[in-house]
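Below you'll find the structure, written out as structure tokens, and then a few comments.
Values in this text are rule-based calculations from the coordinates and carry no lab data. None of these values were measured; they are calculated from a predicted model. Because the Cβ atoms are built from the backbone with ideal geometry, glycine has one as well, and the counts that use them run over all protein chains shown.
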Amino acid sequence: MGRSGSGKTSMRSMIFNNYSANETSRLGATLYVERTEVRFLNNLNLSILDCAGQDNLMKNILMPGNNQLALCQVLIYVFDVSNIEEPKDYITFVDVIKRLNQTSPSCKFFILFHKWDLVMEHEKETAKSNIISALIKSGEEIKFHELYLNGTVKIFTTTIWNETLYLAWSRVVEELVPKANIMKNYLKKISRVLNAKELIIFERKSFLSIVSYSNMFDQDNFYNFNSDRNDGYSHYGVTADRSQKISSIIKTFRKSASYYNGGKFQKLTLHSRSSIIYLDELTDTMAIMLVLPNAMLNESPINQQNINNGNSGNYLQNNQNVSSSTNANENN
Amino acid sequence: MNAHLILMGLKRSGKSSIVQTVFHGAEPQNTILLDTTSKPTTFVFRSLIDLQITELPGQVDYFQDTWDDQDINSIMKDVDCVVYVIDCLDEYKATINNLLNVVSFALDNCPHVKIHVLVHKIDGFSEDFKPDIMREIENQVSYLLCEIGHEKHIDYHGTSIYNQSIFEVMSEIISNLVPCLPSLENILNHLVQHSKIEKAFLCDVKTKLYFVTDSSPSDSTLYEVCSQFIDLSVDINSLYLPTHPDDTDSEIQSRKKQQKITSHCTLLPDMKIYLKQMIKSLCLVVYIKDDQLCDSINGQAILNYNAKIFEEGLAKIIDCTNKDPTDYNL
Ligand SMILES: Nc1nc2c(ncn2[C@@H]2O[C@H](COP(=O)(O)OP(=O)(O)OP(=O)(O)O)[C@@H](O)[C@H]2O)c(=O)[nH]1
Ligand SMILES: Nc1nc2c(ncn2[C@@H]2O[C@H](COP(=O)(O)OP(=O)(O)O)[C@@H](O)[C@H]2O)c(=O)[nH]1
Ligand SMILES: [Mg+2]
């Protein structure tokens, strides 16, 4: 949710419908609620409700009789930072939270300070703390400050023009993926066997990262791209930065490849002096990226042909379906 | 190997935008904010050849005013190629007069200069009208040239910074300035024939301009995919570059150069793009359409091996050309 023109439909179209950032300027205003069903990771069905932001339409959605918002697990609330109307926008926000507290008590809140590209570089810090304090002030009734401190509310600064969009959305998706921890442990084991620098699992359609495991903190420092990392995700470290960049790079390439004879991007192998990188399909719904140090090219027990054939794909797939499988296969 | 190219055209015709998007990686939509250029600006694009590129501001008429800064003669002295930009969305009568002055000057003073006309901002016309507008400008220029009794071969290209066309056209123009082009084309054709390659480009890694391509017909969407693949490979690899905290920017740059990436990706159903970084910030990008080669380890080994031989040939040719510019045909 969020005010009209704040960029909700743009984001959704980029993440789930393969729009490029430029193409979003063609979108018209959303009327009422647009519902998108996305099959995510085999048996996880995401229903995404893109709610219209125009005042009267929003009022309609928030009407007590309307049960569209019932049992919602995550609310993404979008503020257009280039255009906030005080105090109206904050009051609307508080109304939405109040309503959701009634209908969906366990709902998590993600607040996006969107169109962040339009804020001048040196004003970013102040802009952010200003909005946060305004939210705290208007949100006394809903105990916003408490929610913010205990992590029920997460804040991200985003723009469709860089990978911050993917960062925020993969945090949202991580919130929804069951058993992310089991997968992470499993990645840790594979990475030990392969002596990998990093492993990242992506959902194939949206190319959002779901889980990752990195060994790179133990080794020398790695090139850290100068992104403006904001709180809410600084503790995810550089892996997060990288995986969002990869999401964005791959989605761009995948799109332009499809213009040539409908080519569908499938896999990538890259060797350089420092690393060997494989990106391949893992299951119907997941892709894996594997980064190995180049020095061990010859000793590595895997070769690119059999990432797929190994058991890892099966294992992770089972994990999505069967809740009880915990015995990790050490021999992959 | 050196060459000198100058960009001319009336003001706001798009010269700076072209330089920014092609050579400095700017996003086309950001060029809207560019200031008009008021002084001749020059920079050197170092890759397979060292190309000196000079942009002449459009608001000065070099042929009528007695222009104080620098005489047009001295600017044009060692120029190999003139790229003249016409804004086809604008009234182009004044432009054509200016272009005629440039052409007749060139004919009188440096007849060897190659002249290319960019019918620029062609994105403003629909597909159907593009050939018409090109033909209209071409006819007018050649008619007027004829009238003043000149004859000069001029190439016309429709371009826009909002799509791949500017990259393709600049590639074509620049590759014609490479002295050893025939030899390079020759070895590239050999590579293509012996490796079941459909199409190959020898590109500059940073700008993605190509200097050499094989003689099979080119396709701009394919070139676009290939150039995007260069970006993808370089970008993903640079996420995993080892660095030290006290590295300077130039150290990081030079480390990137040393990386020598080899990469390939599979595009279903049966396409593959293969890339190998080579000397002088060049890279070979090839497109393959063959099930067997795509999936077998053997096929890949052959490709790697052939690409390596190609790189050796490339090094020899460049070496040879640098030593004795007149004898480049191996
Ligand atoms: N500069 C900038 N513009 C953006 C960004 N995100 C979206 N926009 C633009 O904002 C405009 C409105 O976006 P929409 O996605 O249609 O807005 P919405 O929130 O769905 O609006 P309603 O459907 O009316 O509620 C579009 O022209 C987008 O291109 C951003 O991060 N930066
Ligand atoms: N539609 C369109 N506009 C362009 C194109 N190339 C440049 N422009 C615009 O033309 C204007 C003038 O460009 P500029 O490079 O400053 O012109 P210069 O004076 O010749 O250097 C800028 O606003 C550009 O954004 C193009 O291919 N298509
Ligand atoms: Mg909308």
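Scanning residues 5 or more positions from B:LEU209 or on other chains, those with amide H under 5 Å from its amide H are B:ASP204, with H placed 1.01 Å from N in the peptide plane. Neighbour counts of other Cβ atoms within 10 Å put B:CYS320, B:CYS226 in the fewest-to-most order B:CYS320, B:CYS226.
Going by neighbour counts of Cβ atoms within 10 Å, the residues A:VAL94, B:VAL44, A:VAL193 line up, fewest first, as B:VAL44, A:VAL193, A:VAL94. The alpha-carbon positions of the stretch A:8-161 define a convex hull whose volume is 128 Å³ per residue.
Phi angles of the stretch B:202-217 translate, via the Karplus equation with coefficients 6.51, -1.76, 1.60 and θ = phi - 60°, into HN-Hα couplings of 9, 10, 7, 5, 6, 8, 6, 5, 9, 9, 9, 9, 6, 7, 5, x Hz per residue; Gly and Pro are given as x. Here A:ARG192, A:ARG204 are placed in order of increasing Cβ neighbour count within 10 Å, fewest first, which gives A:ARG192, A:ARG204. In terms of distances greater than 25 angstrom between alpha carbons, the cross-link table entries A:LYS188/A:LYS255; B:LYS208/B:LYS316; B:LYS93/B:LYS208; B:LYS199/B:LYS316; A:LYS88/A:LYS128; A:LYS59/A:LYS128 yield A:LYS188/A:LYS255; B:LYS93/B:LYS208; A:LYS59/A:LYS128.
Our coupling estimate for the stretch A:101-117, obtained by passing each phi through the Karplus curve with A = 6.51, B = -1.76, C = 1.60 and θ = phi - 60°, is 4, 6, 7, 9, x, 9, 5, 9, 10, 10, 10, 10, 8, 9, 6, 4, 4 Hz, Gly and Pro reported as x. Put simply, the amide H of A:LEU208, placed in the peptide plane, has neighbours under 5 Å in A:GLU203, leaving out anything fewer than 5 places away on its chain. In order along the stretch B:169-178, the Karplus-derived 3J(HN,Hα) couplings, from 6.51 cos²θ - 1.76 cosθ + 1.60 at θ = phi - 60°, round to 5, 5, 4, 4, 5, 6, 5, 5, 9, 7 Hz, and Gly and Pro are given as x. Distant-in-sequence amide contacts of B:THR159, defined by a placed amide H-H separation under 5 Å and a gap of 5 or more residues or a different chain, comprise B:VAL119, B:HIS120, B:LYS121, B:ILE122.
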